[in-house]
Ligand code: PMV
């Protein structure tokens, strides 16, 4: 690969800092049609939160002989290969072979089913684009982020977001787009943390096992277009009841598919199940609220601003719920600083 040519507008040093938020799928992604290119077997629809934030700085430096990666102040070997693969995609776009120093911080537990890889890779691609002076645009950033972590394709955008399954073998039509900006329907999310340790089976392994052994995998895929259509209609019409119906259905169906794999995948603990019952009791008593759960034991309750504090109190009272994080809907990934300013230590530990 040729050494980087310095196009006009590239900051010196070639560094940038960006932030992105976690997203929560209301119609779930579960299953891959191509593991190498990380292509989903189904489309999905999510909301981007305004909390659960990853801030990442990246510095492409010709004096480095290898990529260096730190997550929350620690060299993270578990994520290193994926971070390098992401940097390689960016370097390929820029025609550059400089190695990079990556420093990433989450303001929430990493790897516990709170979409830290979604916010992490959306922030990394956004910082990398700016550091290298690229003008990829959001769709192309979404394509690159998708190759590193599927759900990261959605965290590039804010508000209500759809990630398209796509048809092409090369994945060029599998990217996300905004369906509705956050301010147009400002729902609230209460994240009930029931265990902030790392999950036992990551989503990639879980999907692979599910695709290979679950008798429900084919039915899951066949029904997805109808679920996506219902969610799109519900969002366009701000129809909370219709969104409740399809979101809880999609969540429980995803988990049923995973539970029927061999060996079965059980992502919930007792507090997750109790929190589901609490959400349903609140709804039966008149609150607008529904739940969803990803590949981990945390429960996310989605509600209207009017009902948020009652939902928060009820979840906080569930035995086994350690704490509840409240979020609104947020924006997509954005650049915070470029050049020298991106290297300033804003986290309490050195980036260099
Ligand atoms: O993109 P990944 O590997 O983090 O997988 C995400 C899978 C779920 O969170 C369970 C569902 C989803 O659509 O986010």
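No lab work stands behind these numbers, since they all come straight from the coordinates. Not measured: the values here are computed from a predicted model. Glycine gets a Cβ as well: all are built from the backbone with ideal geometry, and neighbour counts include every protein chain shown.
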Length-normalised contact order of the chain in % [C-alpha pairs under 8 Å, at least 6 apart]: 26 percent
Nearest 10 degrees, 0 to 90: helix 138-148 Cα axis against the chain principal axis: 80 degrees
Full-extension gain in nm, residue 281 to residue 259, via 0.36 nm per residue minus C-alpha separation: 5.5 nm
With Cα atoms, 0 to 90° folded angle of helix 77-94 axis to the chain main axis: 60 degrees
Descending semi-axes in Å of the range 226-352, equivalent ellipsoid built from Cα gyration tensor: 31, 20, 19
Choice from 307, 164, 105 showing the highest fluctuation, given a GNM over the chain with Cα pairs closer than 10 Å: 307
Isotropic mean projected area of the C-alpha convex hull, the chain (nm²): 17.0 nm²
Relative contact order of the range 233-337, pairs being alpha-carbon contacts under 8 Å that are 6 or more residues apart, as %: 21 percent
Rg and Dmax [Cα atoms of the range 106-183; Å; Rg one decimal, Dmax integer]: 12.5, 36
Gaussian network model of the chain, Cα within-10 Å springs - most flexible of 73, 286, 171: 286
Computed FRET value (nearest 0.05) for residue 85 with residue 169, which takes r as the C-beta separation and R₀ as 22 Å: 0.70
Distance between the range 12-56 and the range 199-259 - C-alpha centres, whole angstrom: 17 Å
Nearest-ten-degree value, helix 116-131 long axis tilted from longest Cα axis of the chain: 30 degrees
GNM top mover of 170, 50, 88 - the chain, alpha-carbon springs below 10 Å: 170
Fewest-first ranking of 262, 209, 146, using other Cβ atoms within 10 Å as the exposure measure: 262, 209, 146
